[in-house]
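Read-outs throughout are calculated quantities, based only on the coordinates presented, and are distinct from any laboratory measurement. In this text the structure is predicted, and so the values were computed from the model without any measurement. Here the Cβ positions follow ideal geometry from the backbone for every residue, glycine too, while neighbour counts run over all protein chains shown.
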Amino acid sequence: MISEKMVNSLNDQINSELYSAYLYLAMRAYFESQNLLGFANWMNVQTQEEMVHVMKFYDFINSRNGRVELGAIEKPPVEWASPMEVFEAVYKHEQFVTDRINKLVELAQGLKDHATESFLKWFVDEQVEEEASDVAVIQKLKLMQNAPGGMFMLDNELAQRVFTPPPAAPPQ
Ligand SMILES: [Fe+2]
Ligand SMILES: [Fe+2]
């Protein structure tokens, strides 16, 4: 049986992952308003990945006989000044998420909850990838500053990103 403290913190993380999905959906809408449809595609994939994260926490709480509890999701911003400002906000947000995941790991360790600690390992690795892919886009945006056609090229590149659904869970 999982402790109440751990379940509460995992439920908070469901809320945080839902906010991430909500934030990236808002960013998608911003890019669509700018007719930057490749950037919008990148955000659409990001939103879907965050929903996968939501369901991983959801399923894990259930599998430990905990109770999933959903809270209100904060309103994300509507406008940004530029694609660079958006990606800087994404990077900052993901660093914040990494910090939250690390705190969950520390809580699981403190409670000697090895199952939760093992479950969280996937998220520790995922955050390394998340931050790296944000930095990659920021670096490209910096490189192409003042380069004519740069935004068009990057928009085309980001249009190529595809969402890969997670493999189906083995039957329990
Ligand atoms: Fe996430
Ligand atoms: Fe994320």
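Helix 37-63: angle to the longest alpha-carbon principal axis of the chain, degrees 0 to 90, nearest 10? Result, in degrees: 0. Only the Cβ atoms of Lys and Arg (+1) and of Asp and Glu (-1) were treated as charged; on that basis the dipole of region 11-80 about its Cα centre amounts to roughly 140 debye. Among 67, 100, a tally of other beta-carbon atoms within 10 Å of each Cβ gives an order, fewest to most, of 67, 100.
Ranked by how many other Cβ atoms sit within 10 Å of their own Cβ, fewest first, the residues 114, 93 fall in the order 114, 93.
Taken as Cα centroids, region 62-104 and region 10-40 sit 9 Å apart, rounded to the nearest whole angstrom. With θ taken as phi - 60° and the Karplus curve 6.51 cos²θ - 1.76 cosθ + 1.60 applied, the whole-hertz 3J(HN,Hα) list for region 81-86 is 7, 6, x, 4, 5, 4 Hz, x standing for glycine and proline.
Think of region 47-152 as having a plus end and a minus end, set by charges on the Cβ of Lys, Arg, Asp and Glu; of 66, 138, 128, 66 sits farthest toward the positive end of this dipole. For region 141-146, 3J(HN,Hα) computed residue by residue from phi via the Karplus equation (6.51, -1.76, 1.60; θ = phi - 60°) reads 4, 5, 4, 8, 4, 6 Hz, glycine and proline entered as x.
Between the helical axis of 4-33 and the longest alpha-carbon principal axis of the chain there is an angle of about 10 degrees.
Taken one residue at a time, the phi angles of region 95-100 give Karplus couplings (6.51, -1.76, 1.60, θ = phi - 60°) of 5, 5, 5, 4, 4, 5 Hz. Gly and Pro are set to x. Placing unit charges on the Cβ atoms only, positive for Lys and Arg and negative for Asp and Glu, gives region 1-154 a dipole magnitude near 60 debye about its Cα centre. Evaluated over the chain, the count of Lys pairs having alpha-carbon atoms less than 22 Å apart is 15 (only pairs 8 or more residues apart or interchain).
Relative contact order for the chain: 30 percent, from Cα pairs under 8 Å spaced at least 6 residues apart, divided by residue count.
Taking other Cβ atoms within 10 Å as a rough exposure proxy, 161, 64 sort from fewest to most as 161, 64. Shown is the FRET efficiency for residue 153 and residue 96, computed with R0 = 25 Å from the Cβ-Cβ distance and rounded to the nearest 0.05: 0.25.
The label-point distance for residue 68 and residue 109, in a model that sets each label 7 Å from Cα toward Cβ, rounds to 2.9 nm.
The modelled label-to-label distance between residue 133 and residue 32, using points 7 Å beyond Cα along the C-beta direction, is 2.0 nm.
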